[in-house]
């Protein structure tokens, strides 16, 4: 594959332009670049898959694409739709991860890796605590929705950790990086919009958001090609 002619190159180009547009507050450029870099990673997935694509994977990218477009119109009234679409996408991904864990039946995890599992659990508890009791509180209208949403995201990260520790393949490495990326992105997004509007926090969230699609796209490519080889 010629990188300069690939959709992955377009993804990086559009992603960088989107990030610059956020920094410079060029609103109309963000409206153009965001759909383009997400669309580019979808076509990269189609380009690199050795066989027919998986409907679950396509549905996840489609939900995240629509969510991203709606989120361009920043405002409280749209927040529930962004949460709903992301929730559905993460539920589909969680379903796939649970199925893979069940297929393994007894995933082999070395004792030394138990420390990583404990650290992951502590990290997730801290993230949930920050989002549930600091960023949002019980007076927030969608408080219970945010709690359920946070639990699903945390479950995705935990399942990804188990898969990576049991089978540290390239596919599971991309999955692990993706899940860590999204939890940082989601947490910083909430802090910026609902707790403290610091530009650096927003830029970290946006950077992680852009990068997450690279990890997700490559995870789907590896997953699809692994299934083909099997």
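The table below lists the values:
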{"read-out": "Spin-label model distance (nm) - residue 173 vs residue 141, 7 Å beyond Cα toward Cβ", "value": "4.6"}
{"read-out": "Ranked packing of 90-96, 40-46, most packed first, by mean Cβ within 10 Å", "value": "40-46, 90-96"}
{"read-out": "Mean separation of Cα contacts under 8 Å, 6 or more apart, over the residue count of region 3-229: relative contact order %", "value": "22"}
{"read-out": "14 Å reach of a label modelled at residue 50, 7 Å along Cα-to-Cβ, counting backbone N of region 154-193", "value": "171"}
{"read-out": "Simple label model, 7 Å out from Cα along Cβ direction - residue 118 to residue 148, nm", "value": "3.4"}
{"read-out": "Mean Cβ neighbour count within 10 Å, used as a protection proxy, ranking 17-28, 202-213, 187-198 highest first", "value": "202-213, 187-198, 17-28"}
{"read-out": "Ranked list, fewest to most other Cβ atoms within 10 Å of each Cβ, for 201, 117", "value": "117, 201"}
{"read-out": "The chain, helix-only ellipticity at 222 nm - DSSP H runs n ≥ 4, -39,500 (n - 2.57), divided by all residues, nearest 500", "value": "-27500 deg cm²/dmol"}
{"read-out": "Gain upon complete extension [residue 62, residue 102; 0.36 nm per residue less C-alpha separation]", "value": "11.8 nm"}
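Throughout, read-outs are computed from the coordinates displayed, never taken from laboratory work. Quick caveat: nothing in here was measured; it's all calculated off a predicted structure. Reconstructed Cβ throughout: ideal geometry from the backbone, glycine too, with neighbour counts over all protein chains shown.
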